[in-house]
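Peer 1: For reference, the structure I am asking about is given below.
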Amino acid sequence: MNLLPSPSSFSTLALALGLSLHAQETGLIGHWEFTPERTQNSGMRAVSGPGVSFFAAPSVLRDPPPARIELPGRDERIVISSTLDKSQQPNREMTAEAWVRVDRTSKWGGIIGALQDNGDFERGWLLGFVDNHFSLAIASEGTQRLTYLAATSTFETNRWYHVAGTYDGSEMRVFVNGTLAGSSREQSGPILYPPSAPFVIGAYQDEDEHYRLSGAIHEVRLLRRALAPAELLARYQARKDLFPEPAPEPRFFKPEYGPFVDWQDRNSAVVTWESAVPQPTLLELERPGIGTQRLGDGQSRTRHSITLTELEPDLEYHYRLVAPPEGPRKVVSRRYQFDTSFYYRPAPAPAPSPAAPTGPAARAREILAAAGVSKGYALLLGSPSAALAIEIVRHSEFDLILVEPDASRIPALRRDLDAAGIQGIRAAVHHAASPELPYGDLSINLVLVEDGRPPFISAAEVHRLIRPSGGAFLVDAAQPDSAAWTRWLGDSPLAALTTGKPGATRLAFLRPRLAGSGDWSHQYGGADNSACSQDELVKGELDVAWWGDPGPRPMPDRGNRNPAPLSVNGRLFVQGDRVLFGLDSYNGAILWNYSVPEIRRANVTRDCSNMSAAGDLLFIVHGRFCLGIDGQTGERRIRLAVPTSDNQLERDWGYIAAGSDFIVGSRVKRDSAYLGDDGEWYEEYASDQVSRVTSDLLFAQDPATGKVLWEYRGGAILNSTITQGDDMVFFLESRNPAAINAPNARLDPAVLTEQFLVALDRKTGRKLWEKDHDFSSLEFMSYLVYGNNSVVVTGTDRRKHFHTFAFNAPSSKAPKSGGDDIASAIGGRLLWSETHKEDKGHHSGHLQHPVVIGDTFYSDQRSFNMVTGELLSKDLPERRGCGVMSAAKGAIFFRHHFHGMWDLESDKRQQFLGIRSGCWLSLIPAGGFLLAPETSAGCSCTHAIQTSIGYIPRSLTARGQSK
Amino acid sequence: MKPFSSLLCLLGTLASIQATDWPTYRGDYSRSGVSTDPLPPRLAEAWSWQSIHPPQPAWQGEAKWDGWNKVFNMKPRQTFDRAFHVAVAGGKVFFGSSADDQVRCLDARSGKLLWTFHTEGPVRLAPTVQNGRAYFGSDDGCVYCVEADSGKLAWKVRATPRDRRIPGNGRMISAWPVRTSIVVQDGLLYTTAGMFPVEGVHLVALDARDGSEKWRQIQNDLPAQGYLLASRSRLYIPAGRDNPAVCDIESGKRIRVVEGAGGTYALLTDDMLVFGPGKTGQLGAVEEGRSDQLASFQGNHMIVTPERSFLHSDTELTALDRARYLALARERKQLGTEQAALNKKLKALGNKAATESERDSLKSQLADLGKRLDAATQGMDQCQLWRSPSSWQHCLVLAGTTLVAGGTDEVAALNATDGSLAWRHPVRGRAYGIAASDGALFISTDQGTIHCLRTGTTQASLSTPTTASTEISR
């Protein structure tokens, strides 16, 4: 005889009351039902037991039923107690029970628990899940270790389940929907607790790990007794009808282009995107603490733009793009995010005065036009006036310094700047009477002499300050005294002073690029993958030249093997976590930045970067496009599409290498790139970590016209090996059908046969030669570098032994070398090979990318003659960190505990204490500086400083030159 | 003037004594956050001062998450300059600005601007006022001494041998900015300049009368950022995200770097240094003479009186029986040490049959130790005197018998004896700084606002209690 009410008669009451019908039952510790009625302040009253605190304001909703707390899996938390109160915990027996919906599985998940699982120290209990299996973990006095009992059944995401875990002092059981799904007798005796642990709902949290539940919880109960299977079944049966079947999965809407979030000012931004066909897409904006706003005019079009206003500073905003529904299915994009704390423009000055033909405002506009620069740092010399300073600030983004030798003038200047609201934050008056100004070498974008007379500092001193690659010196004088200027200029480099523009009366000098400086235009320096910028200046002793934003907050986690920053023509390009930055390499001024939620790549160890730079353009991959971005302004000037003449439409742009008048690209299957959104480190030998992203097409385009210059189709081209040098393109390609037809376009480590080394003519795409070679030992990764008329292929096997093969690759411009077969007469003849067990032995030592400087090939802890393979040394600097080496001609840079440098001439090995870099390549020598954008984000370590930083060689400074 | 902790004056009671100044950040060089002045039962806003631009903190904050360890919402470890923190002395309020490079002096009663002094860089830390002079440092690399009454410069000293200015945190500042506060004690002034060990980080002692140098120590491994702490014999130097260094105050020589999870929040009690918040909001306590931690607390700030400790987390304010808690913490640490030693012995024995009896003996001792550890832990839990929910997480001070906590758009006062809420008051922005002096509160927010609350005004009184704390039954 069944004494329980039927589900149908019970259901309405049960939903209203939850399991409170049982609230007074024996052994009940706590019962938490998540309904809006129970919320208070920043937490919720329990049906029984202690209340809970909410963090990061999770939503508690009633409609549509069931009532629930929604946990997006970010930082929303439910804390019963941050300390462990054993009076709130079960002792020898327990039941933890919940109605829960998991929207995203994870390696570890928690529903309710209090535990510590730290190495050998395992204490407490947890009802949760392991991947897609619900689980119960308990540590008892019997074993003093945690047993994670996982249900034999799997669960589906987005579906409600009744989950329970019981322990009676000798047996653990886990129940799913009232059915026993697993048991274990591994534990026995009272539950063993740690001295401290957070008691939480909706998370797996201990001292050093915190996995948040992405999903929803209706209610949770905790008892000091083990409920019988029949009781649990009855509980499930009584209420199962209250929990709806999952709604039809929304159809995924991926915008054709964008979205991009461009700042207008501190409180507003414009979101732009394109749909593939004309349609009325909307933007759903989640305003924290307010609710969701639907924005859009409902007009059918392909190009969409929404201006977001009244944005609060320092907040994370989330939004979705919504297309018209398809029947019952919603059509929505992924949930994007932007953060208003990533606003770096200078503080606003009062609005510019009307465009008067004369006066300080007009003068300021003319000066800025003549100088051609308007961002960074500017010095105003020559009896500077507040009136002109204020107008320069109004019309530019300069941080302006008025250098005044006469102390008596300073109070009035400061008073005027104060009155204009720009004192300090935009313009400062510095008292300086010495002929040597205190400012850093090469740090100033504009030096302006206001009164037309030669300043009190020398021409050499002015030249010392001006930033290369476009820094300006300007004399604002309609009729400068030529004789005085001639004397002042002397034989300094400024003697090349010219009038700014034809007909202009202002004298101007634009500083050219530093002779001997190099660029870091590709992931590994150049397209040759040498990891060397060929910069001749970065060596010897270095001083800090600048530091500042971006800091760690906008950056991706340090461990994802992220794309390297680039630096070309005095600009530094940094890819944050879906935030792009352009900086001035010489002073760190942020030139532009914006949110690009669809631009992200990780695990470049098994792929290639998505960025390359040439001239004044940054090229970056965005879906099936490659964008050409103005390096100074951030304007998206060029959009190139990946070729699809073969009607392969579901393709993305893969590799990108930019030259002066061409780009080489590759094509990958859609969404084949790694994203690194789960904190991956990509260090272990596992298919989902080491599989190499491959391309089905290699091509060249004219970036000016978009014209496809040539296409190459062969096998599955390993992106991590695409290399260029001396007008040749090299790569490994797999012709194994399993690789070519891999659904995710990733070369699985189980399919490493049938790989060919191929060389193409870069100008025509014509195959020059190919080499069939056994590269199957390169199991962890495959790298290829070019130099000295040879290509070197290297990688490690699963035992972490390096295998390196060097082949001849004569320049297409040079006479063909001889060989012992037809192929090698052209190229592809094995010159040397080498194998050794990795020397570094930790922190991804087996993943080290090589460096080539001149004819020396540096790999792991060794160096070789690149042409002969002769072992030159085995004592490269100790590197404890997870990064890889980068180089200038005279120095190698690396992460040890901190930023590290090996000066090749002096053999000095040093660290710059306090600062570390990330787990791939982020110390780049370019433009004469060592540039180190912040890449240590998320490091739990106590490195004292997390900042982007530039170092200047002392040899480039007055201090260095005076020695 | 009372640069040293007023706790020494409390003599085991929270009762009030004579009105006192708040001459430096958090009232004294222990950074105790305690004023013996009681607050009147009702306070109202007497005046407020608003900066044109909000504070410009040097550091934006931590990363969004630690992907490897799956730790989200990591605590910013460098929050020393998120508001214009004030010093209050002689009826005047002194503060520096990271936005317009000035130090200002206001009349504490009226809020009227008395004087302003310009430096050539952001002033990120509150001045220290002593003997009629205000001392402060600037990102321009200089230490300044001005007359407190007039703002007239008494002396100015560059803290490093060279004047080299480079772009730093978005401004043209010294390569050796003064990023720690000023300590003046027994006629000497202590401060630091420099952030980057590769450039040298200078710890200097100057004659407070004229700025002449007494000694200089250069650190090559740690930066210096945050508010210096001092005892009679020690200087404690916060090191940004890293752990503080302890130096001999006579010579500046490094004694040790303490262990912990890093951060610039620090508090010195009679016998220990408490600091954090690490990556998760955790304070570590290190006893004098040691480097390792005695105990750690889940929280961001702490107020210590001889009898009680008040622990301030994002969500709770907890009162602890201090003496008992410390005794138990010491016992637990000792037990933990013994446990580790026994475990090491046990591991060394291996699984050989010949060692079975010895292993059994060790296991038995370990089991006994485990029980004593649990008892100590449980005893520590029972040291909670009361616990009160708190959504005012940014700072905490104790004025008389009133705890005042700074939240977002609001400050709240709680009775220190039982945690009951006394009143709340709206402020503009996040209240990162509170100073208490002469029965008044001076609240500094991240919007560049300084609110003064005091009695005797005509404005409406503040709100009354709405919720109560939880008394802990034992």
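The values are calculated or read from the model by the stated rules, or taken from the named source; none is laboratory data. None of these values were measured; they are calculated from a predicted model. Reconstructed Cβ throughout: ideal geometry from the backbone, glycine too, with neighbour counts over all protein chains shown.
Peer 1: Against the definition (outside any loop (DSSP other than H, G, I, E, B) and either away from chain B (no Cβ under 14 Å) or without any contact (Cβ under 8 Å) to a residue 40 or more places away in the chain (or both)), how does A:LEU402 come out, yes or no? Write out each step before concluding.
Peer 2: Details: outside any loop (DSSP other than H, G, I, E, B): yes; either away from chain B (no Cβ under 14 Å) or without any contact (Cβ under 8 Å) to a residue 40 or more places away in the chain (or both): yes.
Criteria met by A:LEU402.
Peer 1: Go through (1) of a type outside the set (Val, Ile, Thr); (2) assigned by TED's automatic domain parsing to the domain that holds A:ARG636; (3) out of contact with any Ser or Thr (no Cβ under 6 Å at 6 or more places or on another chain); (4) part of a loop (DSSP other than H, G, I, E, B) and name the single condition A:ARG558 misses.
Peer 2: With (1) of a type outside the set (Val, Ile, Thr); (2) assigned by TED's automatic domain parsing to the domain that holds A:ARG636; (3) out of contact with any Ser or Thr (no Cβ under 6 Å at 6 or more places or on another chain); (4) part of a loop (DSSP other than H, G, I, E, B) applied to A:ARG558, the lone miss is (3).
Peer 1: Find all pairs meeting these conditions: Cβ atoms under 7 angstrom apart; at least six residues apart or on different chains; first residue within the stretch A:236-262 and more than 12 Å from A:ARG159 (Cα to Cα) and outside the structural domain of A:TYR319 (by TED's automatic domain parsing); second residue among the β-branched types (Val, Ile, Thr) and outside any strand (DSSP E or B).
Peer 2: none
Peer 1: Only one of these conditions is not met by B:ASN169: (1) in contact (Cβ under 8 Å) with a residue 24 or more places away in the chain; (2) over 26 Å from A:HIS431 (Cβ atoms). Which number is it?
Peer 2: B:ASN169 satisfies all of (1) in contact (Cβ under 8 Å) with a residue 24 or more places away in the chain; (2) over 26 Å from A:HIS431 (Cβ atoms) except (2).
Peer 1: Does at least one position in the stretch A:434-451 carry a residue that is hydroxyl-bearing (Ser, Thr, Tyr) and under 23 Å from A:SER585 (Cβ atoms)? Write out each step before concluding.
Peer 2: Restricting attention to the stretch A:434-451, the residues satisfying the condition of being hydroxyl-bearing (Ser, Thr, Tyr) are A:434, A:439, A:443.
Subsequent filtering for residues that are under 23 Å from A:SER585 (Cβ atoms) retains A:439, A:443.
Yes, that holds for at least one residue.
Peer 1: Same structure again: Considering only the stretch A:592-613, state which residues are more than 11 Å from every other protein chain (Cβ to nearest Cβ) and among the aliphatic types (A, V, I, L, M).
Peer 2: Listed by number, the residues that qualify are A:VAL596, A:ILE599, A:VAL604, A:MET611, A:ALA613.
Peer 1: Only one residue in B:ALA193, B:ALA245 is small (Gly, Ala, Ser) and touching a Leu at 6+ places or on another chain (Cβ under 8 Å). Which one?
Peer 2: After applying the criteria, what remains is B:ALA245.
Listed here are the residues, each with its yes/no results for (1) in contact with a Phe, Trp or Tyr (Cβ under 9 Å, 6 or more places away or on another chain); (2) of a type in the set (A, V, I, L, M); (3) within 21 Å of A:PRO246 (Cβ to Cβ).
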{"residue": "A:LYS107", "(1), (2), (3)": "yes, no, no"}
{"residue": "A:LEU136", "(1), (2), (3)": "yes, yes, no"}
{"residue": "A:GLU141", "(1), (2), (3)": "no, no, no"}
{"residue": "A:LEU146", "(1), (2), (3)": "yes, yes, no"}
{"residue": "A:LEU149", "(1), (2), (3)": "no, yes, no"}
{"residue": "A:VAL163", "(1), (2), (3)": "yes, yes, yes"}
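Peer 1: Let me ask you something else. Out of the residues in the stretch A:573-591 meeting the condition of being over 22 Å from A:PRO259 (Cα atoms) and either part of a loop (DSSP other than H, G, I, E, B) or within 12 Å of the chain's Cα centre (by Cα) (or both), tell me which one is farthest from the other protein chains (Cβ to nearest Cβ).
Peer 2: Checked the stretch A:573-591; the qualifying residue farthest from the other protein chains (Cβ to nearest Cβ) is A:SER585.
Peer 1: Out of A:SER443, A:SER434, I need the residue that is within 11 Å of chain B (Cβ to nearest Cβ), out of contact with any Ser or Thr (no Cβ under 6 Å at 6 or more places or on another chain), free of Cβ contacts under 8 Å to residues at least 24 places away in the same chain and of a type in the set (Ser, Thr, Tyr). Which one?
Peer 2: A:SER434
Peer 1: Output the residues belonging to the stretch A:898-916 that are assigned to a loop (DSSP other than H, G, I, E, B), of a type outside the set (D, E, K, R) and within 14 Å of chain B (Cβ to nearest Cβ). Give the steps one after another, and end with the answer.
Peer 2: Pass one, the stretch A:898-916, residues assigned to a loop (DSSP other than H, G, I, E, B): A:898, A:904-908, A:913-916.
Now drop any that are not of a type outside the set (D, E, K, R), which leaves A:898, A:904, A:906, A:913-915.
Within the stretch A:898-916, A:PHE898, A:LEU913, A:GLY914, A:ILE915 qualify.
Peer 1: While we're on this one: Taking the stretch B:68-94 as the region of interest, how many residues are surrounded by 24 or more Cβ atoms within 10 Å (Cβ to Cβ) and under 18 Å from the mean Cα position of the chain (by Cα)?
Peer 2: Result for the stretch B:68-94: 11.
Peer 1: Just name the residue that is surrounded by the most Cβ atoms within 10 Å (Cβ to Cβ) out of those in the stretch A:195-249 that are within 14 Å of chain B (Cβ to nearest Cβ) and polar (S, T, N, Q).
Peer 2: Only one residue fits best here, namely A:GLN205.
Peer 1: Could you please tell me which pairs satisfy a Cβ distance under 8 Å, a separation of 6+ or placement on different chains, a first residue in the stretch A:866-880 that is closer than 17 Å to A:SER833 by Cβ, and a second residue that is among the acidic types (Asp, Glu)?
Peer 2: Hits for this filter: A:MET866/A:ASP855; A:VAL867/A:ASP855; A:GLY869/A:GLU834; A:LEU871/A:GLU834.
Peer 1: Would a scan of the stretch B:456-466 turn up a residue that is modelled with pLDDT of 95 or more and either not assigned by TED's automatic domain parsing to the domain that holds B:PHE94 or not aromatic (Phe, Trp, Tyr) (or both)?
Peer 2: no
Peer 1: Looking only at residues in the stretch A:947-963 that are modelled with pLDDT under 95 and either within 9 Å of another protein chain (Cβ to nearest Cβ) or in a loop (DSSP other than H, G, I, E, B) (or both), which one is surrounded by the most Cβ atoms within 10 Å (Cβ to Cβ)?
Peer 2: Across the stretch A:947-963, the extreme among qualifying residues is A:THR957.
Peer 1: Quick one: in the stretch A:128-147, of everything that is surrounded by fewer than 24 Cβ atoms within 10 Å (Cβ to Cβ) and among the hydrophobic types (A, V, I, L, M, F, W, C), which residue is farthest from A:SER188 (Cα to Cα)?
Peer 2: Initially, the stretch A:128-147 is screened for residues surrounded by fewer than 24 Cβ atoms within 10 Å (Cβ to Cβ), giving A:130-133, A:140-147.
Add one more test, that the residue is among the hydrophobic types (A, V, I, L, M, F, W, C), and what stays is A:130, A:146.
Details: A:VAL130: 22, A:LEU146: 11 Å.
Among them, the one singled out is A:VAL130.
Peer 1: Going by the conditions given, is B:ARG26 touching a residue at least 24 places away in the same chain (Cβ under 8 Å), more than 7 Å from every other protein chain (Cβ to nearest Cβ) and crowded, with 24+ Cβ neighbours inside 10 Å?
Peer 2: It is true that B:ARG26 is touching a residue at least 24 places away in the same chain (Cβ under 8 Å), more than 7 Å from every other protein chain (Cβ to nearest Cβ) and crowded, with 24+ Cβ neighbours inside 10 Å.
Peer 1: Which one of these is buried (at least 22 other Cβ atoms within 10 Å of the Cβ), among the aliphatic types (A, V, I, L, M) and part of a loop (DSSP other than H, G, I, E, B): A:LEU760, A:LEU778?
Peer 2: So the residue among A:LEU760, A:LEU778 that is buried (at least 22 other Cβ atoms within 10 Å of the Cβ), among the aliphatic types (A, V, I, L, M) and part of a loop (DSSP other than H, G, I, E, B) is A:LEU778.
Peer 1: While we're here: Hey, any hits in the stretch A:525-537 for a residue that's at pLDDT 95 or above, buried (at least 24 other Cβ atoms within 10 Å of the Cβ), within 13 Å of chain B (Cβ to nearest Cβ) and closer than 29 Å to A:VAL785 by Cα?
Peer 2: Looking for residues that are at pLDDT 95 or above, buried (at least 24 other Cβ atoms within 10 Å of the Cβ), within 13 Å of chain B (Cβ to nearest Cβ) and closer than 29 Å to A:VAL785 by Cα, one finds none in the stretch A:525-537, hence no.
Peer 1: Also: Is it the case, given these coordinates, that A:ALA614 is over 18 Å from the mean Cα position of the chain (by Cα), among the aliphatic types (A, V, I, L, M) and crowded, with 22+ Cβ neighbours inside 10 Å?
Peer 2: Working: over 18 Å from the mean Cα position of the chain (by Cα): yes; among the aliphatic types (A, V, I, L, M): yes; crowded, with 22+ Cβ neighbours inside 10 Å: yes.
Yes, satisfied.
Peer 1: To continue, here is another question. Given the conditions (1) touching a Ser or Thr at 6+ places or on another chain (Cβ under 9 Å); (2) charged (D, E, K, R); (3) away from chain A (no Cβ under 14 Å), report the number of the one that B:GLU120 does not fulfil.
Peer 2: Among (1) touching a Ser or Thr at 6+ places or on another chain (Cβ under 9 Å); (2) charged (D, E, K, R); (3) away from chain A (no Cβ under 14 Å), the lone unmet condition for B:GLU120 is (3).
Peer 1: Any residue in the stretch B:56-63 that is surrounded by 24 or more Cβ atoms within 10 Å (Cβ to Cβ), within 12 Å of chain A (Cβ to nearest Cβ), within 30 Å of A:PHE55 (Cβ to Cβ) and in contact with a Phe, Trp or Tyr (Cβ under 7 Å, 6 or more places away or on another chain)?
Peer 2: Checking the stretch B:56-63: not a single residue is surrounded by 24 or more Cβ atoms within 10 Å (Cβ to Cβ), within 12 Å of chain A (Cβ to nearest Cβ), within 30 Å of A:PHE55 (Cβ to Cβ) and in contact with a Phe, Trp or Tyr (Cβ under 7 Å, 6 or more places away or on another chain).
Peer 1: I want to confirm something. Restricting to the stretch A:550-567 and keeping residues that are more than 7 Å from chain B (Cβ to nearest Cβ) and among the charged types (D, E, K, R), which single residue is surrounded by the fewest Cβ atoms within 10 Å (Cβ to Cβ)?
Peer 2: Out of the qualifying residues, it is A:ARG561.
Peer 1: Is it true that B:ARG109 is more than 28 Å from B:GLY281 (Cα to Cα) and either among the acidic types (Asp, Glu) or touching a Gly at 6+ places or on another chain (Cβ under 7 Å) (or both)?
Peer 2: Answer is yes for this residue.
Peer 1: Output the residues belonging to the stretch A:317-334 that are among the charged types (D, E, K, R) and either closer than 20 Å to B:ILE52 by Cβ or touching a residue at least 60 places away in the same chain (Cβ under 8 Å) (or both).
Peer 2: The initial filter retains those residues of the stretch A:317-334 that are among the charged types (D, E, K, R), namely A:320, A:326, A:329-330, A:334.
Residues satisfying the conditions are A:GLU326, A:ARG329, A:LYS330, A:ARG334.
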